[in-house]
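Data block below; observations after.
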Amino acid sequence: MSVCRKRANKRPIAESLTVNCAPICRSSVSSSIVDIASKWTEDYGSVFCVYFGPQLVVALNSVEVAYEAMTKSDMAGRPFVASLQLLSGGGNNIGQSQMGPKLRLHRKLATKALRYTLEDSDFQKIRKINDDIVFDYGNGMVEDIVPGLRHVYPTQKYRKTAQDIGFLQNFFGWQQLDLHKKNFTEGNITDFIDFMIQARKEAEKGGDPEEIEMLKDVYIVMDVVDLFTAGTDTTRSTLNWMIKYLSLYPDKQDKLRAEINAVIGRERLPLAADRTKLPYCESVMLETMRVRPPLPFALVHAATCDTKVGEYDIPKGAIIGLNVWTIHHNPKIWLNAEEFSPERFLTADEKLDPRPRSWLAFGTGTRVCLGENSAKTELITILACLIQNFRFRLPDGVKNLDMTPGGCAFVHTPLPYEVIIEKIN
């Protein structure tokens, strides 16, 4: 490991570390990598650089530098990473597109149309494929360090991931788009694909060739796959964490159930419209995503030109990573940061406090997750339905659960656990 502290006649650059990336790209270190990042933050400060092979990665480890960097247009690019190119069909989806008119258009349309349905008969197969993709991508690939390898001698993991992503693109994208085109009725919008077809027809009527180009089939297909792969796994992981924590803390589960019964009762299921009336339910969701963010380093950005953060020079092409885990566990910001305490998000009179700037589960700035509001509403509604109708408790004799993050290095999920689920009559 080498450390470079300053460059001659230049502003100081962030501490630079050259590390062996192989241990980081293994599932067994899903928890240790966040510990390493936290330790390096203590040692090297709010900004440091790590070389993954030839690629410079800049880690942002404080709220101040996070907001400064994430609101800059010259840090809103996406890096060329082989596995991300696979996931995005060559950078053609919302998540991996570079900043520009096409991305702005697709974010605007997707924000208005975040709906999608999946038939139950397909669910198990799709979930297994999605789990495999997330696991393999989250642990990294050799091709991410040596991109040219994918053209010469791709690894088995890369080939399998390419096959799985091709299946999802065909199943969710091309097949569904063809079906929707055949059955499309103008004005009868039933889901996201209908909405995008309608948007393209309106662009065609307007005669704007640039907008028509930005709404080609390939971009619609990749948006659909992007929304599914980006949204379902993180939502499922957060819901899983919430159940695990509430099983471990029955007093908090009882408090949540009491709120649901007082506001909604037992005669109907909770609805999305109930969200504003369930502050404790929302605080459980916020605290779960604070203490166990599903993406501990968010989605990486790229510097589109030579720039800087604070006093540090950041060269063009550097990958910019937001160290959400360290920020969410900073004891200077969060009292008893390792404790699960939804009450920290409530005022003294049990109302929801304004969200702290240091809560960054969905990122921040120019490329904040466009699905943040819909994801929160979905999580709160599902959790309220579950707690209203079921009690989750630890098996007899079990006093604790292992809350160590599992999954993979860059996508965290709970380790397997057992709970007893009791129907509430």
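At-a-glance table
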| quantity | calculated |
| --- | --- |
| Thr18 vs. criteria of a type in the set (S, T, N, Q), at pLDDT 85 or above and outside any loop (DSSP other than H, G, I, E, B) | no |
| Every pair of residues 6+ apart whose Cβ atoms lie under 7 Å, when the first sits in the stretch 310-330 and is closer than 30 Å to Phe340 by Cα while the second is basic (Lys, Arg) | His328/Arg290 |
| Leading residue by the ranking (farthest from Val368 (Cα to Cα)) among those in the stretch 40-76 that are among the polar types (S, T, N, Q) and either at pLDDT below 85 or in a loop (DSSP other than H, G, I, E, B) (or both) | Gln55 |
| Residue within the stretch 167-190 that is over 16 Å from Asp217 (Cβ atoms) and of a type in the set (Phe, Trp, Tyr) present | yes |
| Close pairs (7 angstrom Cβ cut-off, 6 or more residues apart or separate chains): surrounded by 12 or more Cβ atoms within 10 Å (Cβ to Cβ) and assigned to a loop (DSSP other than H, G, I, E, B) in the stretch 178-207, of a type in the set (A, V, I, L, M, F, W, C) and at pLDDT 85 or above anywhere | Phe184/Ile197; Ile189/Phe195 |
| Among the candidates Ile243, Ile264, residue that is among the β-branched types (Val, Ile, Thr), crowded, with 18+ Cβ neighbours inside 10 Å and touching a Lys or Arg at 6+ places or on another chain (Cβ under 9 Å) | Ile264 |
| Test for Ile320: is it touching a His at 6+ places or on another chain (Cβ under 6 Å) and either surrounded by 19 or more Cβ atoms within 10 Å (Cβ to Cβ) or of a type in the set (Phe, Trp, Tyr) (or both) | yes |
| Flag for Ala348 being touching a residue at least 40 places away in the same chain (Cβ under 8 Å) and out of contact with any Asp or Glu (no Cβ under 8 Å at 6 or more places or on another chain) | no |
| Residues located in the stretch 278-326, provided they are part of a loop (DSSP other than H, G, I, E, B) and of a type in the set (A, V, I, L, M) | Leu278, Leu295, Ala298, Leu299, Val300, Ala303, Ala318 |
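The values are calculated or read from the model by the stated rules, or taken from the named source; none is laboratory data. Quick caveat, the model's predicted, so the values are computed rather than measured. Glycine also receives a Cβ, built like all others from the backbone with ideal geometry; neighbour counts cover every protein chain displayed.
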